[in-house]
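Okay, so here's the structure we're looking at.
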Amino acid sequence: MATLVLQTVGSVVGGAIAGPFGAAVGRALGGLAGAAIDNALFGGSDQPKVVEGPRLKEIDGLTSTEGAPIPRVYGRARIGGQLIWATRLEEVITTSKQRSGTQGGKGLGGGGSGIVNKTYSYFANLAVGLCEGRIALIRRVWADGRELDLSTITMRVHRGSETQGADPLIVAKEGSAYAPAYRGLAYVVFERLPLADFGNRVPQFSFEVVRPVDGLNRMVRAVCLIPGASEFGYDTLPVTQVLGLGATKPENRHQMRNATDVAASLDALEALCPNLRRVSLVVSWFGDDLRAGSCSIEPRVDVKTKNTDGATWSVAGLTRATAKAVSRSGNAPAYGGTPSDDSVTRLIAELKRRDLEVVLYPFVMMDVPAGNTLPDPYGGTGQPPYPWRGRITCHPAPGRSGSPDGTGEAASQVGQFFTRSWGLDRLVLHYANLARQAGGVDGFILGSELVGLTRVRSSSGVYPAVSRLRSLAADVRDVLGHGTEIVYAADWTEYGAHVLNNGSEVRFPLDPLFASDDIDAVGIDYYPPISDWRDGPDHADLTAARSVYDVDYLRARLGSGEAFDWYYANAAERAAQVRRPIADGAYDKPWIFRAKDLVSWWSNPHVERVDGVEIRTTAWAPKSKPIWLTEIGIPAVDKGPNGPNVFPDPKSSESAYPPFSRGVRDDLAQARGLEAILSRFDPEQPGFAPAYNPVSEIYVGHMVDPANIFVWAWDARPYPAFPDFDTVWSDGANWETGHWITGRIEGAPLDRLIAMILKDFGLDASGPFPVDGFVDGYVLDRPMSARGALEQLMRLFGVDAVASGGRLSWRGRGGRAVIPLAVDDFVLAEKDPSLKLVRAQETELPQQVEIGYTEGDLDYRRAAVASRRLSGTSRREARADAAIVTRRAEAQRLADAWLQDLWAARESAEFELSPRRIDIEPGDVISLPTEAGPKLHRVTRIADGPTRKVSARAVEPAVFETPGSSIPRPVRRPPPVPGKPLVVVLDLAASPADPAPLQYLAVAADPWPGAVAVWRSGNGASFTPHRIVDIPAVIGRTLTPLPSGPCGDGTGMRFSMSRSRRARSAPSTTRRRSAAATSSPCRETTAAGRFFPPHAPR
């Protein structure tokens, strides 16, 4: 009955929206609330229960079927395609001639017969239809199951807009009047695709398609580009490391899409974030001591011995030979090296070419290894390993016995930090001059988060580090001029008041810097807590939001809660939620002590206090300059908004998770936190209110400049190469729960996914959608109803759709908004009890549930997880073959929650309510008074009459709130990327059987590219292909002197031999009597020669 009633209501709503078609869809949607509950419990059969919906099977290959359905992709997925256009194969015949000598005389002359060799090559021109547009990008392509190197072929991507034009190749072949544009269809065109590697046939293709569910990706206007420490990671030119005889290893290419990693990463960034305008380019030098007077800041290399081809490392006049190497952590360098100066200038030029504004961000990383014996200014035994730069201070630190804080010695120590030969001044001015050499930049960050220095005093109220920063800002202005905006990026605990002596002394140390004419904006690395969420039903914030993912709650907490209304005095009070109010009894200016009260800090004059008395107003003029949020970020971890400023890094003393986090990856927590911050300060985003970000009367603009909110962080190492290739980058594991948005921003939060599906079906998608969940991708593989598209998601994530107020309302079962009922609310029955509870038999419930899904971390292979009860007599099973793309840990969490929810719902309740409880609706969670205490039930059906007859099922919201477990990412190895081959000219004797060759050549490479082309020229300017070397030579180097005399006398020699393999192992050194090099003779005279890969030079 529940299903019928809700279907009728759904039909009414759907018809009101979209006529007869809407009514049909509305009936389907209306049935979701009842059917989703009933079907799981009342199957009427002992057979396993199968939940049907869209299915993403093993990857389909290339087909050509008239009338085949066009799939819809949400997020990212790997799909096959339909051949929609092609030409006949192009055949290319290559003819070569050889002469064979006679046996006359010594075989060095005389006539001979000619041999003509013909080889046939084939090329394909074809178009492959993929899915409905508009997509963002195609990240990877597989041909016959192997990833295709897209940098070696011509493939054009048409994203599927409704205005896209026809492909130029199709126009050239068909004519402009007959060339279809395939508008609304995402497709690719291969032009002259070589077929030799595929057996001279068109291979089976599959494509990784990325189509974001628009949300966070469209909110991002600016990002911080990291890692900041990678010698050639920012270089736009390919750089390889030369390992030996023809053996190379790529320095900056670990993907098969572009010639360099940074190019692939920027392509993805621009495609996924269409409103991006600014990039903050992070470039790091390394500090070596927390004592300001002893700290040097220098560029460093990752290893001292490295031979590179394509570029040579050099920074600030240092070379690899003269620079220091970073310390080692475990068996690897603790960091990558400082980016080479040339790579930085080339990247600045590339960003400008893409019409992106560049903010250069010199950055200090602390390279203080574990086990050091350096004196700790904070009193420890040895300095903590790899600390935060914000801990650099005077020695001993302020507040410790013997500290020079407040004396001239403190000023001396701080001054040395800036002015020593390798100090902060040199770092900053080097990059200011480098930016000028690169043609200038739009913004420049003077330094960041030096709170341990800017709070050091030389006397009362005098902060020498701030004076040094003002002077440094003036020097940078002299270098870069007024066309560059200059800021200092203060920590979120640093920009405001410095409170001393229990609040009796209040200073504003950075105000002279912020007021300087050489500073254009107030920069803040903004990482305050924006939630205080705990597990369980009793914590204080539970009444403020339905879950930690509630964007309204998180947005509001940017102007309330911890560091605004109250603070925790210590960890014990935090655990007990003993909240101490933030107040100012003396002058009623509590904003002075609020780290999150940006509006009051920006809008008011700053008056300092001594001995509790206001003494003077600082140089800050209210509303005089905009605020840049030079960094914002949320770790992708359970309860990430509780502590946005912490991050995982096992080697570092700073490694931590947010308070009360279980340390489990949570992409939704990151997305929600970032959405809250961006929507609070950006007037173009939903949820914005003018009071959040007021307008200045002094300059044109808002308090926080929405164009300069920089999200930390996007990585120049492209996803999924980073974080997958842990043999290349040692910090890949940190990505799992770190601040990176790379690889996550294209994912699909459940609320936005449901809204986008409804929109695609022509239904009302205005929401709200108070549901929680996150998938990497979702695919509708064929035409289906809206119910078919949504029911699977609703089942997996515990979502109900109910009729409320004449429209469908969406509710997640994980929320804890509970409506209590009292005994007085029930209508007393004459015979039966007023509240009837029924418990289903165990045999009616599944003992095991299984979910099939697509493993996004394993090249989109199909996989399955199961959750099973270890006790009970039931033998039933439930199964869902889901079209979601996710990771194994998340799929397991969904299976566990599904099974627990089914068993929690085994108890049903029936009762009658007084008509005055008209507020109760299907889908509401109510608390029923039972003899065993209050029990939570979800209303499934209400029949209105003289009384309200209600049916409900038991529910346990906590089963949908568990964060699951951590499962390490699958181990993957980078693809073999060939470098420049080693070519050796051999002086060998001519064979008596053949005419004398001009020259023998030996060609070796590891990895071997498959073939190497030899090009010939008669003038040294223009080249034509001569022949193909398809077998690598084995080349050796003698390690001991070559002895005189005949071979074979038992004298041993040692050789180092090359290896030409795709998966290379280290060269071996063995004792051999002899060694040979295979060679390829060039039998025709050439004036000059060059060696390229086997495609024509560009």
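Annotations
- Lone qualifier among 192, 218 - being more than 30 Å from residue 72 (Cβ to Cβ) and outside any loop (DSSP other than H, G, I, E, B): 192
- Residue check for residue 921: among the charged types (D, E, K, R) and in contact (Cβ under 8 Å) with a residue 40 or more places away in the chain: yes
- Per the listing 664, 646, the residue uniquely without any contact (Cβ under 8 Å) to a residue 40 or more places away in the chain and under 26 Å from residue 532 (Cα atoms) is 646.
- Considering residues of segment 752-768 that are in contact (Cβ under 8 Å) with a residue 24 or more places away in the chain and charged (D, E, K, R) only, the residue surrounded by the fewest Cβ atoms within 10 Å (Cβ to Cβ): 760
- For segment 843-869, the candidate set comprises residues that are farther than 23 Å from residue 774 by Cα and either touching a residue at least 60 places away in the same chain (Cβ under 8 Å) or in contact with a Pro (Cβ under 8 Å, 6 or more places away or on another chain) (or both); within that set, the residue that is surrounded by the most Cβ atoms within 10 Å (Cβ to Cβ) is 846.
- Residues that are surrounded by fewer than 18 Cβ atoms within 10 Å (Cβ to Cβ) and at positive phi are absent from segment 635-642.
Conditions tested, residue by residue: (1) part of a loop (DSSP other than H, G, I, E, B); (2) assigned by TED's automatic domain parsing to the domain that holds residue 595; (3) touching a residue at least 12 places away in the same chain (Cβ under 8 Å); (4) of a type outside the set (Ser, Thr, Tyr).
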{"position": "422", "(1), (2), (3), (4)": "yes, yes, yes, yes"}
{"position": "431", "(1), (2), (3), (4)": "no, yes, yes, no"}
{"position": "457", "(1), (2), (3), (4)": "yes, yes, yes, yes"}
{"position": "472", "(1), (2), (3), (4)": "no, yes, yes, yes"}
{"position": "488", "(1), (2), (3), (4)": "no, yes, yes, no"}
{"position": "495", "(1), (2), (3), (4)": "yes, yes, yes, no"}
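- When restricted to residues that are under 23 Å from residue 291 (Cα atoms) and either within 35 Å of the chain's Cα centre (by Cα) or among the polar types (S, T, N, Q) (or both), segment 474-511 contains 9.
- Search result, residues across segment 141-158 that are part of a strand (DSSP E or B), touching a residue at least 60 places away in the same chain (Cβ under 8 Å) and surrounded by 19 or more Cβ atoms within 10 Å (Cβ to Cβ): 141, 142, 143
- The strands (runs of 3 or more DSSP E) found wholly in segment 914-1005 and carrying at least 3 residues that are touching a Lys or Arg at 6+ places or on another chain (Cβ under 9 Å) and more than 30 Å from residue 722 (Cα to Cα) occupy 925-930, 933-944, 948-954.
- Hey, residue 380 under 23 Å from residue 653 (Cα atoms) and either at pLDDT below 95 or polar (S, T, N, Q) (or both) or not: yes
- Sub-8 Å Cβ pairs linking a first residue in segment 310-333 that is of a type in the set (Gly, Ala, Ser) to a second residue that is part of a loop (DSSP other than H, G, I, E, B) and at pLDDT below 95, at least 6 apart or interchain, are 329/730; 330/730; 332/730, ordered by first then second residue.
- Residues (of a type in the set (Val, Ile, Thr) and in contact with an Asp or Glu (Cβ under 6 Å, 6 or more places away or on another chain)) located in segment 895-946: 939
- Where residue 187 falls short, out of the listed (1) out of contact with any His (no Cβ under 6 Å at 6 or more places or on another chain); (2) in contact (Cβ under 8 Å) with a residue 40 or more places away in the chain: (1)
- Residue within segment 229-238 that is farther than 13 Å from residue 133 by Cβ and in a strand (DSSP E or B) present: no
- On inspection, residue 377 fails the criterion of being in contact (Cβ under 8 Å) with a residue 60 or more places away in the chain and within 23 Å of the chain's Cα centre (by Cα).
- Selection from segment 724-746 of residues that are assigned to a loop (DSSP other than H, G, I, E, B), hydrophobic (A, V, I, L, M, F, W, C) and either on the phi > 0 side of the Ramachandran plot or surrounded by fewer than 20 Cβ atoms within 10 Å (Cβ to Cβ) (or both): 725, 728
- Considering segment 618-663, and only residues there that are over 18 Å from the mean Cα position of the chain (by Cα) and not in a loop (DSSP other than H, G, I, E, B), the residue that is farthest from residue 387 (Cα to Cα) turns out to be 627.
- Test: residue 161 is farther than 19 Å from residue 63 by Cα, in a helix (DSSP H, G or I) and hydroxyl-bearing (Ser, Thr, Tyr): no
- Subset of segment 498-507 (residues that are of a type outside the set (Lys, Arg), touching a residue at least 40 places away in the same chain (Cβ under 8 Å) and surrounded by fewer than 23 Cβ atoms within 10 Å (Cβ to Cβ)): 498, 499, 503, 504, 505
- Residue pairs whose Cβ atoms lie under 6 Å apart, separated by 6 or more positions or on different chains, with the first residue in segment 523-541 and of a type in the set (A, V, I, L, M) and the second in a loop (DSSP other than H, G, I, E, B) and crowded, with 24+ Cβ neighbours inside 10 Å, are 524/495.
- Residue pairs whose Cβ atoms lie under 7 Å apart, sitting 6 or more positions apart in sequence or on different chains, and linking a residue in segment 159-184 that is closer than 18 Å to residue 83 by Cβ and surrounded by 15 or more Cβ atoms within 10 Å (Cβ to Cβ) to a partner that is at pLDDT 95 or above and of a type in the set (Asp, Glu), are 160/132; 169/191.
- Qualifying residue in segment 728-745 (condition: acidic (Asp, Glu), in contact with a helix residue (DSSP H, G or I) (Cβ under 6 Å, 6 or more places away or on another chain), in contact (Cβ under 8 Å) with a residue 60 or more places away in the chain and more than 30 Å from residue 788 (Cβ to Cβ)): no
- Scanning segment 327-364 for residues being under 22 Å from residue 277 (Cα atoms), not hydrophobic (A, V, I, L, M, F, W, C) and either not in a loop (DSSP other than H, G, I, E, B) or not assigned by TED's automatic domain parsing to the domain that holds residue 282 (or both) gives a total of 9.
- On inspection, residue 452 fails the criterion of being under 34 Å from the mean Cα position of the chain (by Cα), not hydrophobic (A, V, I, L, M, F, W, C) and not in a helix (DSSP H, G or I).
- Close pairs (7 angstrom Cβ cut-off, 6 or more residues apart or separate chains): over 18 Å from residue 121 (Cα atoms) in segment 1004-1033, surrounded by 15 or more Cβ atoms within 10 Å (Cβ to Cβ) and basic (Lys, Arg) anywhere: 1006/1059; 1006/1064; 1007/1064; 1023/1016
- Qualifying residue in segment 586-594 (condition: among the β-branched types (Val, Ile, Thr) and without any contact (Cβ under 8 Å) to a residue 40 or more places away in the chain): no
The values are calculated or read from the model by the stated rules, or taken from the named source; none is laboratory data. Quantities reported herein were computed from a predicted structural model and do not represent experimental measurements. So basically every Cβ, Gly included, is an ideal-geometry build from the backbone, and we count neighbours across all protein chains shown.
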